[in-house]
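Enquirer: Let me begin by handing over the structure; questions about it come next.
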Amino acid sequence: TTTTTTTTTTRTTTGTAATINHSQHSYCLMKRCFSSEAEASPPQQASPWVKLLVKDSGKKVTQEEVDDFTALVARHLLDGNKVKLALPSNALKSLALRALCGGASSADFRLRFNTTSEGRTMELQANPGKPWKEISSDLNDATFVANTTEASKLSQRLSVELQKKNHVILHTWADADTAQATILEAILYTGRHKGFTLRCVAQSIRNEAEGTPRLLVHVHKETNPTNSHERAFIAYPPGRNATKDYVTKFRATVKSRLTQGQLIEMEARGQVATVHVVQTLATVRQITAKYRLQWVNAYTKGESKGSPYRAIRFCAGAGPTWDEFNEMDFSQYTLLHSSARIPDLAKAISHHVHKNGGVTFHVPEDDHEGIVNVVKAITTVQGLGGSLEVISSFGQGTRDGVEMRQTRFFVRKAQKLTPMPRKEALKRQSEKSSKESNNNNNNSENENEKHAKKTADEKGDDGGAEEESAVSKPTTTNEAKEVQSTPSTLE
């Protein structure tokens, strides 16, 4: 029994399992402060979140501190609670991993970035997992991580492995704080940059021939059918050597899928492919296409070794209708120019989106370098933790007094990207077709009446009656639809 000024803690240890009882929410152990704070959870959630606030004193953590903190985490998980941990330092990342290994059963955890007034930090979210007997400790196909391993290199290795299989094991020594922090950083970067949903389990094993235990981290790639990445249609943008037929087919396919409410994913590498994607998304009929951007690794055919190329992933879905989009007041948003350097553009985008909620760009249609610079700058902000979505469109502008066509970007804080329900998509298509059909019929009748009146005036009242009846025959609905469906020169 250990007594401090703020609480009384009783530990009962059986093997590696420990339980802890405390009467207050905050207490101090060996100059390292811990506090638990229950967060409000939605009514539909059965398990509340418990946030553990951990402060690093800068001193090396002792085994007694590890045991105490392990007991605290284990008690919350044993009660069925979910635990959140903010991990701003390597020492706390190592402490969190070791704490998750000491419960009566395993704990599943996920990682994400959390932005606060103090900056951006890593946050670990853990919930009760499977019994230890169901967790494998086989190291035959595992990857060892040393204190000297770089997080970026490990992230690349992890990305390649997860493309081949759904379960990867990383392991290091239990006292290697730097290596354990590297493992968590690589997992977080891999999940964000490759779009994977990763679930992890920390495990500690001891070999009689080794004096120091090993710490294993099981990384599982989840294939959740409700994830937008799993439901998206994959399209391949045309590159520099693509044929005209392929470009036409690509644009028609993307527009058709988006109009039907389906999500689309595309990876563009190079200026030509990026411009094709942006301009295709700007010409979707009936509705706008909103999309998010993300840096990813791209591999060419026959490529097996060496560093991968960088590509930009477009995740597009149905946005507001064009009528709703055009009714927006864009004068409240700052108009930026694409001629600045990409890092400067990224800073400006982040600043104005945070300040005003959005920002706009107007780039000449033939300025492909400017279009790509805007896309790269937006992607850079997204990679640094921003959450942005983009809507592209075409508009008319002037340059040196000459009218010209522009590719326009509207960038704002991201909203939920979900597929449009099929009923809603069909309803919009039906309403649009009905409206176009009525407009065509009305226009046809007006033109016929004008033409008939003009003919009657030219021929006089005697010979005009028969001619008028022949000319003023209204266009049928089918004929109107056929005329409307004829593709324009732009399409």
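Enquirer: Against the condition surrounded by 13 or more Cβ atoms within 10 Å (Cβ to Cβ) and either touching a Cys at 6+ places or on another chain (Cβ under 8 Å) or modelled with pLDDT of 90 or more (or both), how does ALA425 come out, does it pass?
Expert: Answer is no for this residue.
Enquirer: Being hydroxyl-bearing (Ser, Thr, Tyr) and crowded, with 19+ Cβ neighbours inside 10 Å is the filter here; which residues of region 252-263 pass it?
Expert: THR259
Enquirer: Can you go through ALA209, ALA146 and tell me which one is closer than 30 Å to LYS60 by Cβ, outside any helix (DSSP H, G or I), at pLDDT 90 or above and of a type in the set (A, V, I, L, M, F, W, C)?
Expert: ALA146 is the lone residue from the list that is closer than 30 Å to LYS60 by Cβ, outside any helix (DSSP H, G or I), at pLDDT 90 or above and of a type in the set (A, V, I, L, M, F, W, C).
Enquirer: So if I check each of ASP68, ASP108, ASP79, which one is surrounded by fewer than 16 Cβ atoms within 10 Å (Cβ to Cβ) and of a type outside the set (A, V, I, L, M)?
Expert: Exactly one residue qualifies, and that residue is ASP79.
Enquirer: I'd like the residue in region 236-251 that is open to solvent by 60 Å² or more (accessible area, probe 1.4 Å) and of a type outside the set (S, T, N, Q) and, out of all such residues, is nearest to THR321 (Cα to Cα). Give the derivation first.
Expert: Taking region 236-251 and keeping what is open to solvent by 60 Å² or more (accessible area, probe 1.4 Å), we get 236, 240-241, 243-246, 248-249, 251.
If we keep only those that are of a type outside the set (S, T, N, Q) too, we end up with 236, 240, 244-246, 249, 251.
Working: TYR236: 25, ARG240: 32, LYS244: 29, ASP245: 29, TYR246: 28, LYS249: 24, ARG251: 19 Å.
Across region 236-251, the extreme among qualifying residues is ARG251.
Enquirer: Pairs only if they're at least six apart or on different chains, beta carbon under 9 angstrom, first in region 100-111 and over 12 Å from ASN127 (Cα atoms) and in contact (Cβ under 8 Å) with a residue 40 or more places away in the chain, second crowded, with 19+ Cβ neighbours inside 10 Å and among the hydroxyl-bearing types (Ser, Thr, Tyr); list them, first residue then second.
Expert: So the pair list comes out as CYS101/THR70; GLY102/THR70.
Enquirer: In this structure, does ALA202 turn out to be among the aliphatic types (A, V, I, L, M) and over 20 Å from ASP108 (Cα atoms)? Reasoning before the result, please.
Expert: Numbers: among the aliphatic types (A, V, I, L, M): yes; over 20 Å from ASP108 (Cα atoms): no.
Judged against the criteria, ALA202 is not a match.
Enquirer: Let me spell it out: the conditions are (1) in a helix (DSSP H, G or I); (2) within 27 Å of the chain's Cα centre (by Cα); (3) surrounded by fewer than 23 Cβ atoms within 10 Å (Cβ to Cβ), and MET122 meets all of them except one. Which number is the exception?
Expert: (1)
Enquirer: Provide a single number: the residues in region 382-391 that are open to solvent by less than 50 Å² (accessible area, probe 1.4 Å) and farther than 20 Å from PHE325 by Cα. Don't jump to the end; show me each part of the working.
Expert: Let us first name the residues in region 382-391 that are open to solvent by less than 50 Å² (accessible area, probe 1.4 Å), namely 382-383, 385-386, 388-391.
Of the ones still in play, those that are also farther than 20 Å from PHE325 by Cα are 382-383, 385-386.
Adding up the residues that qualify gives 4.
Enquirer: Kindly list, by first and then second residue, each pair from a residue in region 134-147 that is without any contact (Cβ under 8 Å) to a residue 60 or more places away in the chain to a residue that is open to solvent by 80 Å² or more (accessible area, probe 1.4 Å) and not hydroxyl-bearing (Ser, Thr, Tyr), limited to pairs with Cβ atoms under 7 Å and residues at least 6 apart or on different chains.
Expert: Within 7 Å, the pairs are THR143/ARG157.
Enquirer: Quick one: PRO237 ticks every box in (1) touching a Pro at 6+ places or on another chain (Cβ under 6 Å); (2) modelled with pLDDT of 85 or more; (3) in a loop (DSSP other than H, G, I, E, B) bar one, so which box is it?
Expert: (1)
Enquirer: With region 264-381 as the region, which helices (runs of 4 or more DSSP H) entirely inside it contain at least 1 residues that are open to solvent by 10 Å² or more (accessible area, probe 1.4 Å) and of a type in the set (Lys, Arg)?
Expert: In region 264-381, 342-356 are the helices (runs of 4 or more DSSP H) which contain 1 or more residues that are open to solvent by 10 Å² or more (accessible area, probe 1.4 Å) and of a type in the set (Lys, Arg).
Enquirer: Let me ask something else about it. List, please: which pairs have Cβ atoms under 6 Å, are six or more places apart or on different chains, and start with a residue in region 153-179 that is under 30 Å from VAL66 (Cα atoms) and end with one that is basic (Lys, Arg)?
Expert: Pairs found: HIS171/ARG214.
Enquirer: Moving on to the next point. Give the residues of region 250-268 that are among the small types (Gly, Ala, Ser) and modelled with pLDDT under 90, sorted by residue number.
Expert: Going residue by residue through region 250-268, those that are among the small types (Gly, Ala, Ser) are 252, 256, 261, 268.
Scanning region 250-268 gives a single hit, GLY261.
Enquirer: Out of (1) over 29 Å from ALA209 (Cα atoms); (2) in a strand (DSSP E or B); (3) at pLDDT 90 or above, what's the single condition that is false for VAL168?
Expert: (1)
Enquirer: Could you list all residues from region 392-411 that are surrounded by 22 or more Cβ atoms within 10 Å (Cβ to Cβ) and either free of Cβ contacts under 8 Å to residues at least 24 places away in the same chain or within 18 Å of CYS315 (Cβ to Cβ) (or both)?
Expert: Here is the first cut: in region 392-411, the residues surrounded by 22 or more Cβ atoms within 10 Å (Cβ to Cβ) are 392, 407, 409, 411.
Passing the criteria: SER392, PHE409, VAL411.
Matching residues to (1) open to solvent by less than 20 Å² (accessible area, probe 1.4 Å); (2) among the basic types (Lys, Arg):
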position: GLY103; (1), (2): yes, no
position: THR148; (1), (2): no, no
position: VAL160; (1), (2): no, no
position: LYS165; (1), (2): no, yes
position: ALA176; (1), (2): yes, no
position: GLU185; (1), (2): no, no
position: ARG192; (1), (2): no, yes
position: THR197; (1), (2): no, no
position: ASN207; (1), (2): no, no
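The values are calculated or read from the model by the stated rules, or taken from the named source; none is laboratory data. Keep in mind the model is a prediction, meaning the values are calculated, not measured. Cβ coordinates were reconstructed from backbone atoms using ideal geometry, including for glycine residues, and neighbour counts include every protein chain displayed. To get the accessible areas, we keep the full protein, side chains included, count just its heavy atoms, and leave off ligands, DNA and RNA. Shrake-Rupley method; radii C 1.70, N 1.55, O 1.52, S 1.80 Å.
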